[in-house]
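The values are calculated or read from the model by the stated rules, or taken from the named source; none is laboratory data. The model shown is predicted, which means the values in this text are computed figures rather than measured ones. Cβ coordinates were reconstructed from backbone atoms using ideal geometry, including for glycine residues, and neighbour counts include every protein chain displayed.
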Amino acid sequence: MKGMGKYFIGLLPPPAVESEFNKLKQGIASQFQVKYALQSPAHLTLKMPFRYKEAKERELGIRLTTLLEIQEPFYLQFTGIGYFGNRNIYQKVAPSKSLLSLQASLRSFCKRSLHLVEELSDRNFQPHLTLAYKDLKPGNFEEILAYAKKNEVKGEFLVAQAYLLKKVEGRWKVIAPLVFGGSLELPSPTVQE
């Protein structure tokens, strides 16, 4: 469709944590030739990919930022390695009340205000960061899963903004940070390292 871009809304870890995820994804890619997950930055998807008019891209960012003015910062905690069937391996994230509320708010806004289709995975939100999928072959699933568990990312990070990403030349690129308004008083981390 001419003039339509493909977008999604997600949370991205800070650079130090992203570097750990990149090392893990690159290790999987080099040892098992599973490279598809390298096409996007490490992220937790809040709204599944959708098509939207590129001419209204800036307005979309403004509308999403306005929605998030009341969002309080919160911590995301990693809770091990999981998988969907034998075709997707991911880093699990604790489904905190703040995270679930943020995703529900975005889901409702996208359906009601942007008239976007609500995907099954939007309704059945399972917070995670994908490590390997699409080109993951069932024959080496167990070996890759063991590798991911051995090298999993541990800890947590503060979330103070979401991001609008766009598919550009086959790769997902950040096009707008969606900064939370919330209070300046941040919650305490649950895990000290």
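For (1) over 30 Å from SER30 (Cα atoms); (2) in contact with a helix residue (DSSP H, G or I) (Cβ under 7 Å, 6 or more places away or on another chain); (3) exposed (fewer than 13 other Cβ atoms within 10 Å of the Cβ), each residue gets a yes or a no:
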position	(1), (2), (3)
GLU59	yes, no, yes
LYS92	no, no, no
LEU106	yes, no, no
HIS115	yes, no, yes
SER121	no, no, yes
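Whenever a residue of the range 28-41 is free of Cβ contacts under 8 Å to residues at least 40 places away in the same chain, its partners that are buried (at least 19 other Cβ atoms within 10 Å of the Cβ), lying with C-beta atoms within less than 8 angstrom and at least six residues away or across chains, give the pairs ALA29/ALA37; LEU38/LYS25.
Among the residues of the range 123-151, how many are among the hydrophobic types (A, V, I, L, M, F, W, C) and either touching a His at 6+ places or on another chain (Cβ under 6 Å) or loosely packed, with under 14 Cβ neighbours inside 10 Å (or both)?
Looking only at the range 123-151, we keep the residues that are among the hydrophobic types (A, V, I, L, M, F, W, C), and these are 125, 129, 131-132, 136, 141, 144-146, 148.
From what is left, the residues that are either touching a His at 6+ places or on another chain (Cβ under 6 Å) or loosely packed, with under 14 Cβ neighbours inside 10 Å (or both) are 146.
Result for the range 123-151: 1.
Is it the case that the range 152-163 has a residue that's at pLDDT below 90 and loosely packed, with under 15 Cβ neighbours inside 10 Å? Scanning the range 152-163, I find no residue that is at pLDDT below 90 and loosely packed, with under 15 Cβ neighbours inside 10 Å, so the answer is no.
Residues are listed down the side, and each one gets a yes or a no for (1) in contact (Cβ under 8 Å) with a residue 60 or more places away in the chain; (2) at negative phi:
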| residue | (1), (2) |
| --- | --- |
| TYR75 | yes, yes |
| TYR83 | yes, yes |
| LEU102 | yes, yes |
| SER108 | no, yes |
| LYS134 | yes, no |
| GLU143 | yes, yes |
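Within the range 1-23, the set of residues being touching a residue at least 60 places away in the same chain (Cβ under 8 Å) and in contact with a strand residue (DSSP E or B) (Cβ under 6 Å, 6 or more places away or on another chain) comprises GLY5, LYS6, TYR7, PHE8, ILE9, GLY10, LEU11, LEU12, PRO13, PRO14, VAL17.
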